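K.L.:
My questions will all concern the structure given below.
The values are calculated or read from the model by the stated rules, or taken from the named source; none is laboratory data. In this text the structure is predicted, and so the values were computed from the model without any measurement. Positions of Cβ are backbone-derived with ideal geometry, glycine not excepted, and every protein chain shown enters the neighbour counts.
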Amino acid sequence: MKSTSIDGSLLDFPIFSLGHRMDTAPEVFGWLRSSADRRGDFAELNRRLEEDGYLYLPGFWSRGKVMQTRASVLAQLAGMGYLKPGTAVGEGIHDPENPPPAMARAHPLDQRDPRVVDLLFGKETMDFYAGLFGEPATHFDFTWFRTKGTGHGSDVHCDIVYMGRGTKRLLTMWTPLGDICPRIGGLTILEGSHLRPDLLNGYLERDVDRYCANREDAGAHATGEKGWNGSLSKNPLAIRERFGSRWLTAPEFRMGDMLIFGMAMVHGSLDNQTDRIRLSVDTRYQRASEPVDPRWVGASVIGHGPAAKEGVIC
Ligand SMILES: O=C(O)CCC(=O)C(=O)O
């Protein structure tokens, strides 16, 4: 891929987010800062997490380990008939007649796939979080699988509205299970947005599973028939203007990389302009001593199901 360094450059091909062509001028677009060289320096990593709101750690895991995880997930997708007949499973080309569901919550992929569990919740990863937190770490029992075929990335949002019933000091980890260039649709982070909650008009206090019990359609909200999907915006250009900062991504996310960010970080993802599935997972980590959002723990999580709905008087 042709692109130049952060201090001068544009991509030389168009990229999109939610159908909007992204401006890749360096004033409004840039690359994530790598912290790979400070991997064991937890004081510095915590400082960067506070300052930047994210940690980008290329090559955290061995490439081979992530390739095995990818192979295991692709084999599942192939078995479910989501890959294009006649193509190699490893290519991850989706069947246009039967594309996989992009939505994580409804995903049929196995939450207990041993490769996935070992990668995301095994000793190597949990030791890292314990080091980062300076105390024992724990994680949600749910893995959000993203299997995005050709088309739009994710709406612009912050994660707190989906998982804010425990500690707010929760971290998201976004993990590519394939090499993901901006044409396939990597994650995008709105630089410095974690420091400007004042620009979000109360968004960070909301909860997708809370509804007004005194409204006429309360019943439909209680069952999940109606609801808000947590989106902050479908227009990444307008949101960027509001913050006056830059959208950040990587020239290529590679297998072995991890990207960590906090609950108030505005983020989204790029559209997939290819026929390959953009395969990634996102998972959540926190200090074991702090309260955990009950929606996301247990053998079979309740997630955003009816049991999570909370009626309040508005
Ligand atoms: O992968 C995506 O498109 C979105 C991921 C995301 O929103 C997250 O990791 O919190």
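K.L.:
In the list Arg183, Arg215, Arg210, which residue meets the criterion of being under 26 Å from Gly30 (Cα atoms), out of contact with any Phe, Trp or Tyr (no Cβ under 6 Å at 6 or more places or on another chain) and either within 16 Å of the ligand (Cβ to nearest atom) or among the charged types (D, E, K, R) (or both)?
P.N.:
The match here is Arg183.
K.L.:
Mind listing whichever residues of region 231-263 are among the small types (Gly, Ala, Ser) and either in contact (Cβ under 8 Å) with a residue 12 or more places away in the chain or crowded, with 19+ Cβ neighbours inside 10 Å (or both)?
P.N.:
Result: Ser231, Ser233, Ser245, Ala250, Gly256, Gly262.
K.L.:
Taking Gly153 and the conditions (1) within 26 Å of Leu270 (Cβ to Cβ); (2) part of a loop (DSSP other than H, G, I, E, B); (3) at pLDDT 95 or above; (4) more than 13 Å from the chain's Cα centre (by Cα), which numbered condition does it fall short on, given that it satisfies the others?
P.N.:
So Gly153 meets the others, but not (4).
K.L.:
Going residue by residue through region 146-166, is there one that turns out to be in contact with a Pro (Cβ under 7 Å, 6 or more places away or on another chain), within 10 Å of the ligand (Cβ to nearest atom) and more than 16 Å from His107 (Cβ to Cβ)?
P.N.:
Scanning region 146-166, I find at least one residue that is in contact with a Pro (Cβ under 7 Å, 6 or more places away or on another chain), within 10 Å of the ligand (Cβ to nearest atom) and more than 16 Å from His107 (Cβ to Cβ), so the answer is yes.
K.L.:
Which one is surrounded by the fewest Cβ atoms within 10 Å (Cβ to Cβ), of the residues in region 25-46 that are aliphatic (A, V, I, L, M) and in a helix (DSSP H, G or I)?
P.N.:
Ranking the candidates gives Ala43 first.
K.L.:
Is it true that Gln286 is within 16 Å of the ligand (Cβ to nearest atom), buried (at least 22 other Cβ atoms within 10 Å of the Cβ) and of a type outside the set (Val, Ile, Thr)?
P.N.:
Yes; evaluated as a whole, the condition is true for this residue.
K.L.:
Test Thr143 against the criterion of being β-branched (Val, Ile, Thr) and farther than 30 Å from Asn201 by Cα, and give yes or no.
P.N.:
In short, no.
K.L.:
With Thr274, Thr249 as the choices, which residue is within 16 Å of the ligand (Cβ to nearest atom) and either over 23 Å from Glu51 (Cβ atoms) or in contact with a Lys or Arg (Cβ under 8 Å, 6 or more places away or on another chain) (or both)?
P.N.:
None of the other options fit; the residue is Thr274.
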